Amino acid sequence: MNNHTVNEHIQCRLMVIGAGMAGMAATLFAANRQIDTVQVGVTGEINFASGLLDLLAVHPIPSGTLWDNPREAVRRLVREAPDHPYARLTMDRIESALEEFTSFLKKVGHPYYFHSGRNSQVLTAVGTAKTTYAVPLSMHNGSIAYKKRLPCLLVDFEGLKGFSGRQIAETMKRQWPALRHVSLGFPDVSGEAYTEHMARALETESIRAQLADAVRPYLKGVEMVGLPAILGIYRTRDIIAFLEDALGLPVFEIPGIPPSITGLRLREVFEDQLPHRGVRTFYQKRVLSAHIQKNGSFLFAVGGGEPEVRITADAVILATGRFFGKGLTADHREIREALFDLPVFQPDCRGQWHRRAFLNPGGHPINQCGLETDEQFRPLSLEKKPVHHHLYAAGSILAHQDWIRQKCGSGLAIATAHAAVAAFERATDNEIDASATG
Ligand SMILES: Cc1cc2nc3c(=O)[nH]c(=O)nc-3n(C[C@H](O)[C@H](O)[C@H](O)COP(=O)(O)OP(=O)(O)OC[C@H]3O[C@@H](n4cnc5c(N)ncnc54)[C@H](O)[C@@H]3O)c2cc1C
C-alpha cells in the first residue's frame with residue numbers, strides 16, 4: 001500500500017530506487033537503522049523470484065562446477081575474478097546481511113532453513129535439482145527427500161499449467177526412481193487453474209480439508225508428499241501443518257512456476273511491513289527523472305506515467321536491476337543506465353555482446369555488463385572516480401557478475417544492499433563527526 005498523497009514534495013535522507021530483491025533488502029536495512037527512507041519501484045519483478053536464496057553455487061561458469069560449500073566458492077571466486085562484486089565484501093558482511101534479512105522474514109512468519117552453512121538441492125517444477133543456499137521452510141522437507149531419494153508422491157492439478165508431477169518423475173527417474181505422481185482436480189476449480197487463486201483458496205480451512213481428502217487415497221508406500229508452491233500466501237506454515245496432520249506425512253512445496261507464489265509472499269511481506277517501519281513507499285510508481293542539484297542533493301520526479309510527486313534526497317541507492325528491471329537499456333549501439341546515464345561496463349561493440357553459440361556454457365559478455373563501483377559501492381565515472389559521494393548501487397545492476405549462471409542472485413542483491421546502506425551510514429557518521437569537530 002502506498003502511504004502518500006499525490007502532488008507533494010517530499011524530502012528524505014535516503015532514496016531507494018527499485019523494489020526487487022536488492023531494493024527491498026536495502027530499504028529493510030535502512031529502516032532497521034532508523035534512516036529516513038523513501039522507496040520507489042514496481043514490485044512486479046519480485047513476483048518471479050523462486051523464494052530460494054542463492055549465495056554462490058557455480059564457479060567457474062564455463063565448467064559449471066557446483067559447490068557444496070558456498071564460503072569456499074566465494075573465496076575461490078574472489079581470487080579468480082577480483083572484479084566480481086563479492087570481492088568488495090567480506091564473508092562477515094555477506095553473512096550478516098543474510099542473517100538480518102532472514103531474521104526479519106522469520107519474525108514475520110516466513111522462516112528459512114540453512115543447511116549448516118552448506119548448499120543444498122531443491123527439486124524444481126521442471127524436474128531438475130537446483131543448488132541453493134537458504135530455502136523457505138516450506139521447501140526444506142523436499143531437500144531431505146531429494147538427498148535421501150525417499151519415496152514421495154508428487155501431486156499436480158488439472159488445469160494448472162507449468163507443473164506436471166508425471167514430467168518431474170519422468171525426468172528424475174534415473175536418479176530418483178521412488179517418485180510417484182497423481183493428478184487431481186483442485187477443490188472449487190474447473191477449467192484453467194491459477195497459482196494465486198489456489199494459494200488464496202488454501203487459506204480457507206475447508207479447502208485444505210478437501211485437498212487432504214483428495215490426496216489421502218494415494219499415500220500407500222509414500223514417505224512424503226510434494227505439491228507445487230501454492231500452499232497459501234499468508235498462512236503457509238498453518239497450511240503445511242494442517243496437511244501434515246491430515247495426511248500423517250511430511251509435506252513440501254516445489255518451486256518454479258512463474259509468476260511464483262513464493263515471490264508473491266515476499267512481495268506482500270515487504271509491501272506490508274516496510275511502511276510500518278517508517279519507510280515512505282511508492283510501489284507501482286517509477287522514478288521518471290533524476291537530477292543532481294547544485295547543493296549536491298538529488299531531485300526526482302515520481303509517478304505512474306505523469307509526474308505526481310517530487311522527492312529530494314541526500315543519498316540514493318540505485319537498485320534498478322539490469323534489463324528485466326529496466327535499470328539498463330540497450331539500443332542498436334550500446335547499453336545505457338536508464339536514470340543517471342552512468343557509465344556502463346560493456347563490450348566495445350554490439351557484435352561482441354553475445355558469443356556465436358547461444359547456449360555457450362560460459363555465458364555471454366552482455367551477462368557481465370553493468371555499473372563498476374568503488375569499495376563503497378558508489379558507481380564510477382569514466383575517470384574511475386565516484387560519480388557522487390552519496391550515490392550507491394546494489395544488486396544485479398552491478399558489473400562483472402552473471403547471477404543467473406553463478407547462482408548468486410539473492411545473495412548478491414542482499415549483501416550488496418547491506419554494504420551500500422552501511423557505506424552511507426558510515427559516511428553520514430563521518431560527516432557528523434567532521435561538523436562537530438570543525
Ligand atoms: C525468474 C526469476 C527467478 C529467480 N530465481 C532465483 C533463485 O532461484 N535464487 C535466487 O537467489 N534469486 C532468484 N531470483 C531473484 C534474483 O536473485 C533477483 O531478482 C536478482 O538478483 C535481481 O534483483 P535486483 O533487485 O537487483 O533487480 P530486479 O529484480 O530486476 O529489480 C529491479 C527493480 O528496479 C525497479 N526499477 C527499475 N527502474 C526503475 C525506475 N526508473 N523507477 C523505479 N523503479 C525502477 C524495477 O521496477 C524493479 O522493482 C530470481 C529472479 C527472477 C526474476
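The values are calculated or read from the model by the stated rules, or taken from the named source; none is laboratory data. Here the structure is a predicted model, which means the values were calculated and not measured. Because the Cβ atoms are built from the backbone with ideal geometry, glycine has one as well, and the counts that use them run over all protein chains shown. Heads up: the accessible areas ignore ligands, DNA and RNA and are worked out on the full protein's heavy atoms, side chains in. Shrake-Rupley method; radii C 1.70, N 1.55, O 1.52, S 1.80 Å.
Divide the volume of the convex hull of the Cα atoms of the stretch 203-305 by its number of residues and quote the answer in cubic angstrom per residue. Don't skip to the end; give the middle numbers.
Working: hull volume 15.8 nm³, N = 103.
That works out to 154 Å³ per residue.
So for each of 429-437, 225-233, 408-416, 253-261 I average, over its residues, the number of other beta carbons within 10 Å; can you give me the resulting order with the highest mean first?
Numbers: 429-437: 9.2, 225-233: 25.4, 408-416: 28.1, 253-261: 22.4.
Top of the packing list down: 408-416, 225-233, 253-261, 429-437.
With 29 Å as the cut-off, how large is the P(r) tail for the chain, expressed as percent of Cα-Cα pairs? The partial results should precede the final answer.
Numbers: 46867 of 95703 pairs.
Value for the chain (Cα pairs over 29 Å): 49 percent.
Given R₀ = 60 Å, FRET efficiency for residue 246-residue 437 by Cβ-Cβ distance, to 0.05? Could the numbers behind the result be given before it?
Details: r = 66 Å, r/R0 = 1.11.
Efficiency, rounded to the nearest 0.05: 0.35.
Given a 1.4 Å probe and every protein chain left where it sits, what share in percent of the accessible area of the chain is carbon and sulfur?
51
So, with +1 on the Cβ of K and R and -1 on the Cβ of D and E, and no other charges, what is the size of the charge dipole of the chain about its Cα centre, to the nearest 20 debye? Can you show the working numbers first?
Numbers: 47 positive and 46 negative charges, 230 e Å.
For this selection, approximately 1100 debye.
Please compute the modelled spin-label separation between residue 106 and residue 204, points set 7 Å along Cα→Cβ, answer in nm with one decimal.
Spacing of the two 7 Å Cα→Cβ label points: 3.5 nm.
Quick one: helix 261-276 against the long Cα principal axis of the chain, what's the angle to the nearest 10°, folded into 0 to 90?
On a 0 to 90 degree scale, this one is about 50.
Send over a whole-number figure in Å² for the accessible area per residue of the chain, probe 1.4 Å.
Values: 19260 Å² over 438 residues.
Roughly 44 Å² per residue, with all protein chains present.
Using 0.36 nm times the number of residues separating residue 426 and residue 194, minus their current alpha carbon distance, what extension gain do you get? Intermediate results must be reported in sequence, preceding the final value.
Numbers: separation 232, 0.36 × 232 = 83.52 nm, distance 4.64 nm.
Going from the current span to full extension adds 78.9 nm.
The stretch 125-254: D in µm²/s via Stokes-Einstein (Kirkwood Rh, Cα pairs, 10 °C, 1.306 mPa s)? Mind showing how you got there, number by number?
Numbers: Rh = 14.7 Å.
Value of D from the Cα-based Kirkwood radius: 108 µm²/s.
Nearest 10 degrees is fine. How inclined is helix 21-32 to the longest principal axis of the chain, computing both from alpha carbons?
Tilt relative to the chain: about 70 degrees.
At 222 nm, what value in deg cm²/dmol follows for the chain if DSSP H runs of at least 4 each add -39500 (n - 2.57) and the sum is divided by all its residues, to the nearest 500? Please list the in-between numbers first.
Working: 11 runs with 139 residues, N = 438.
So the calculated ellipticity at 222 nm is -10000 deg cm²/dmol.
Given the options 359, 211, 154, state which has the largest fluctuation in a GNM of the chain using a 10 Å cut-off (strictly under) for Cα springs.
359
Can you give me the angle between helix 205-215 and the longest principal axis of the chain, using Cα atoms only, in degrees from 0 to 90, rounded to the nearest 10?
50
Mind listing which trypsin sites (Lys or Arg not before Pro) in the stretch 289-394 are in a DSSP loop and have 16 or fewer other Cβ atoms within 10 Å?
Numbers: sites: 294, 310, 322, 326, 333, 336, 350, 355, 356, 384; in loops: 294, 322, 326, 333, 355, 356, 384.
Answer in residue order: 294, 326, 333, 355, 356, 384.
Looking at the stretch 115-176, which trypsin sites (Lys or Arg not before Pro) are DSSP coil and have at most 15 other C-beta atoms within 10 Å of their C-beta?
Of the trypsin sites (Lys or Arg not before Pro), the ones in loops of the stretch 115-176 whose Cβ has at most 15 other Cβ atoms within 10 Å are 149, 161, 173, 174.
Starting with the highest mean, order 95-101, 46-52, 14-20 by the number of other Cβ atoms within 10 Å, averaged over the residues of each peptide. Please list the in-between numbers first.
On the way: 95-101: 18.3, 46-52: 22.4, 14-20: 30.3.
Peptide ranking by packing, descending: 14-20, 46-52, 95-101.
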